[in-house]
Structure formats: C-alpha cells, structure tokens
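Asker: The structure is given below, and queries will be raised subsequently.
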Amino acid sequence: AREIAYGAKSLLQGLWITIIHFFRPKTTLQYPRERPVLAPRYRGLHGLTAAPDGDLTCIGCGSCAKVCPDQVITMTTEKREGRKGRYPVEFEIDLNSCCFCGLCSEVCPTAPKALVLTKQYELAASNRAGLVLTREILLENGRLEVEKHGYVGLKEEDAEEAKAA
C-alpha cells in the first residue's frame, strides 16, 4: 500500500510539472523568422576593417597570429609601394580549431581595430574548407560590421569623425 501511494504521488508530481511548463511562455525561436537576442559582448565571425578609401587598416604586424592560442591565423605580408610598413597580401583564419576567445582582436594595435569579432552567429558550412575565412570573406564581414555597428576600438570623438568621412 505504501509503494502504491508513493507511485501515485510521484506520478502526480511529474504531471504537475508538465502542466506548469505547458502553460509557460515559449523559449523556442522560430528561426529564421525570429532572431536571437545576442549579448552585447558576443564574439562571432571574424572580420577585417578597411578605411573609407578602401585601404586595409591592418598594418601586417602579425600580433594576432602570435597571440592566437589555437594557431589558426596565417598571414603573408609584403612591403607597400610608396608607403611605410607592411601590407597583408594573404590573410586566413581557420575556424575549424578557433575557440573564439577574442585575443586576436584585443591585441590589434590599430585604431580602429583592423581585426574584429562581428555579431554574425551563423557559422555553418557544408565542408571543412568552408570554415576557412579568406581575406576577401574577412573584408566583407568587417564591412558589414562597420555598417551595422561602426568602428571598434575608437575613442568617441574619433568614431564620430570616422562616421562623418
């Protein structure tokens, strides 16, 4: 008799929890119609920023590649004609091993940041090669990020000046 009462009590408790959760608000998003709300410091896909004249803000110092704990950043630089410093000719980030720590963006010495982590969260690819971001893809990601959120790593007065240009 004791086991029957205990079983009935357990059954009613389980049903009660199910009924409570049945009438709670939905937590499932109907993607892609409904988009998730991202945290302010969310770190998504990488992007390279360019100046308004189309020139890369990256100076080819290689700090991002050196600080990366997963060693996923590869860069080939060349001397610029008529300019001081180096220029990244090839720039690749292999997302297959990336832990999205954000160290590459934090260590970037340029203002605005040349390498940024965007708010893009759709990281799916049909094969492993699709997760290697080339310089062109990185530039497109950076352009979209600057259009949506402005430059990263600028003081307020510099950010207003960059928007005006």
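The values are calculated or read from the model by the stated rules, or taken from the named source; none is laboratory data. Computed from a prediction, not measured in an experiment: that's the story for all the values here. Glycine gets a Cβ as well: all are built from the backbone with ideal geometry, and neighbour counts include every protein chain shown. All accessible areas refer to the heavy atoms of the entire protein, side chains included, with ligands and DNA or RNA removed. Shrake-Rupley method; radii C 1.70, N 1.55, O 1.52, S 1.80 Å.
Asker: Tell me, what is the per residue accessible area of the chain in Å², probe radius 1.4 Å?
Answerer: 71
Asker: Follow-up. Please give the calculated 222 nm ellipticity per residue for the chain, where each DSSP H segment of at least 4 residues contributes -39500 (n - 2.57) and the sum is spread over every residue; nearest 500 deg cm²/dmol?
Answerer: On the way: 5 runs with 55 residues, N = 165.
Rounded to the nearest 500, the figure is -10000 deg cm²/dmol.
Asker: Could you give the spread of the C-alpha atoms of the chain along their three principal axes, from largest to smallest, in whole angstroms?
Answerer: 92, 35, 26
Asker: By the 4.7 Å beta carbon criterion, which cysteine residues of the chain come out unpaired?
Answerer: So, 58, 61, 68, 98, 99, 101, 108.
Asker: Counting only protein heavy atoms, what percent of the accessible surface of the chain is carbon or sulfur at a 1.4 Å probe?
Answerer: Exposed carbon and sulfur together represent 56 percent of the surface.
Asker: Now a separate question. Give the residue from 23, 67, 115 lying farthest towards the positive end of the charge dipole for the chain; charges sit on Cβ (+1 for Lys and Arg, -1 for Asp and Glu) and the dipole is referred to the Cα centre.
Answerer: 23
Asker: Separate question: What is the gain in length, in nm to one decimal, between residue 143 and residue 107 on full extension, counting 0.36 nm per residue of separation less the C-alpha to C-alpha distance?
Answerer: Computed gain between residue 143 and residue 107 is 10.9 nm.
Asker: Sorted by accessible area (1.4 Å probe), largest first, how do 100, 23 line up? Don't skip to the answer; put the middle values down first.
Answerer: Details: 100 45, 23 155 Å².
Ranking 100, 23 by accessible area, largest first, yields 23, 100.
Asker: Nearest 0.05, what FRET efficiency do residue 42 and residue 6 give at R0 = 35 Å with Cβ-Cβ as r?
Answerer: 0.15
Asker: Taking only C-alpha pairs under 8 Å that are 6+ residues apart, what is the relative contact order of the chain in percent?
Answerer: 25
Asker: Let me ask you something else. Compute the signed sum of charges (Lys and Arg +1, Asp and Glu -1) over the other residues within less than 11 Å, Cβ to Cβ, of residue 55.
Answerer: +1
Asker: Please give the net charge around residue 94, taking every other residue with its beta carbon less than 12 angstrom from that of residue 94, where Lys and Arg add +1 and Asp and Glu add -1.
Answerer: Taking every other residue near residue 94 into account, the sum is -1.
Asker: At a Förster distance of 41 Å, what's the computed FRET efficiency of residue 51 paired with residue 24, Cβ-Cβ distance as r, to 0.05?
Answerer: It comes to 0.25.
Asker: Hey, if you put +1 on the Cβ of every Lys and Arg and -1 on every Asp and Glu Cβ in the stretch 1-73, which of 36, 10, 49 ends up farthest toward the positive end of that dipole?
Answerer: Selected residue: 10.
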